[in-house]
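Below is one structure, written out as structure tokens, with a few remarks after it.
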Amino acid sequence: MELAFLITLLAAGIRSGTAILFATIGEIFAERSGVLNLGIEGMMLMGAVSAYGVAFATGNPWLGLGVAVVVGGLMALLHGVVTISLRADQVVSGLALTFLGSGLSAVLGAPLVEVRTAPRLPVFPIPVLADLPIFGPIFFNHNVIVYVGLLMAPLAWWYIHRTRPGMELRAIGEYPAAADVLGINVNRQRYAYVVFGGMMAGLGGAALSLAITPLWIEDMTAGQGWIAVGLVIFASWDPLRAAFGAYLFGAIRRLPLDLQNLPFFLAYPQLGYFMNMLPYLFVILLMLISARSEMRRRIGAPAALGQPYVREERGA
């Protein structure tokens, strides 16, 4: 009984944490380049509504997935223009994108709220592996998009720590002036990684509406974009730690649902609300801690995070 409960919980955690994982990995790349993007929530919402709407209109969930990635990338490009080229405040720009995505997705998604017939991404049990005891149902009996997430984290870690482009990424986030002297186009690379981060946020939104919770409702991300921002700090800008945090959050979100039939929880139903609140409190605590510059350096934040790069001032 306990083993079956644990297997179900872990499998649900991996499934539920996939959308957050995509958004978190995208934000890791953006922040390692030196650009803070607080617009993840809005990008995920726009990705979710565009994916679901296109899948419903065309009958093709893969096309919806592709559109969501493009929409997320375009919103991130807007953030890049404002913060990299115009050198506006990154926090303000990110918050504006969140408000934009939240409002626009609510308007565009209003006709889709009652729709339940949009095609979803397929579930694909991996032959042989899905039949393994314990590990099979936890890792190898999921929707296709979940497997993409399982592969994404180690690939992102390898790219950041074992490739030359990854070394350049870390350089422009730590000391962009030195990177510029070595011939690295700092602003161009920042644009690329900010757009990539937006594409990943759009992919996370599409994973929600086409696979994890296959429908559209207003504000369906329920703060998961903010969770992704907090997980970047929790993971110390490391994709493998981010995967652990995302899946852990997914399991914690699922836990109250699995415990609701136990006699103790039936007697104290308010405990379920309290458990749902804990991950968000954790994110608030992380944000407060990271607000102090000396703490940011201690936990491994990129030194140039949030600072626009002006080539003429590189000698300063």
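Of the residues examined, Val49 is one that is surrounded by 14 or more Cβ atoms within 10 Å (Cβ to Cβ), within 18 Å of the chain's Cα centre (by Cα), in a helix (DSSP H, G or I) and modelled with pLDDT of 95 or more. Residue under question is Asn187, and the condition is that it be closer than 19 Å to Phe22 by Cα and among the polar types (S, T, N, Q); does it hold? Against the criterion (closer than 19 Å to Phe22 by Cα and among the polar types (S, T, N, Q)), Asn187 does not qualify. In this entry, Ile252 passes the filter for residues that are under 20 Å from Thr24 (Cβ atoms) and modelled with pLDDT under 85.
Could you tell me whether Phe140 is surrounded by fewer than 17 Cβ atoms within 10 Å (Cβ to Cβ) and within 24 Å of the chain's Cα centre (by Cα)? Spelling it out, it is not the case that Phe140 is surrounded by fewer than 17 Cβ atoms within 10 Å (Cβ to Cβ) and within 24 Å of the chain's Cα centre (by Cα). So which helices (runs of 4 or more DSSP H) stay within the range 73-188 end to end and still have 1 or more residues that are in contact with a Leu (Cβ under 6 Å, 6 or more places away or on another chain)? In the range 73-188, 90-109, 135-139, 144-162 are the helices (runs of 4 or more DSSP H) which contain 1 or more residues that are in contact with a Leu (Cβ under 6 Å, 6 or more places away or on another chain). Scanning the range 151-168 for residues being of a type outside the set (S, T, N, Q) and surrounded by fewer than 18 Cβ atoms within 10 Å (Cβ to Cβ) gives a total of 11.
Only residues that are aliphatic (A, V, I, L, M), assigned to a helix (DSSP H, G or I) and farther than 21 Å from Met277 by Cα were counted in the range 209-232, giving 2. Examine the range 2-16 for a residue that is modelled with pLDDT under 95, among the polar types (S, T, N, Q) and under 22 Å from Arg120 (Cα atoms), and state whether such a residue exists. Looking for residues that are modelled with pLDDT under 95, among the polar types (S, T, N, Q) and under 22 Å from Arg120 (Cα atoms), one finds at least one in the range 2-16, hence yes. Annotation note: of Ala130, Ala179, Ala171, the sole residue that is surrounded by 15 or more Cβ atoms within 10 Å (Cβ to Cβ) and over 22 Å from Gly34 (Cα atoms) is Ala130.
When Phe56 is tested against (1) more than 23 Å from Arg170 (Cβ to Cβ); (2) hydrophobic (A, V, I, L, M, F, W, C); (3) in contact with a Ser or Thr (Cβ under 9 Å, 6 or more places away or on another chain); (4) crowded, with 22+ Cβ neighbours inside 10 Å, just one condition goes unmet, and that condition is (4). Looking across the range 30-46, the residues that are among the hydrophobic types (A, V, I, L, M, F, W, C) and either part of a helix (DSSP H, G or I) or in contact with a Phe, Trp or Tyr (Cβ under 7 Å, 6 or more places away or on another chain) (or both) come down to Ala30, Ile40, Met43, Met44, Leu45, Met46.
The values are calculated or read from the model by the stated rules, or taken from the named source; none is laboratory data. Given the structure is predicted, the values throughout are model-derived calculations rather than measurements. Methodologically, a virtual Cβ is constructed for each residue, glycine included, from the backbone with ideal geometry; neighbour enumeration extends over all protein chains shown.
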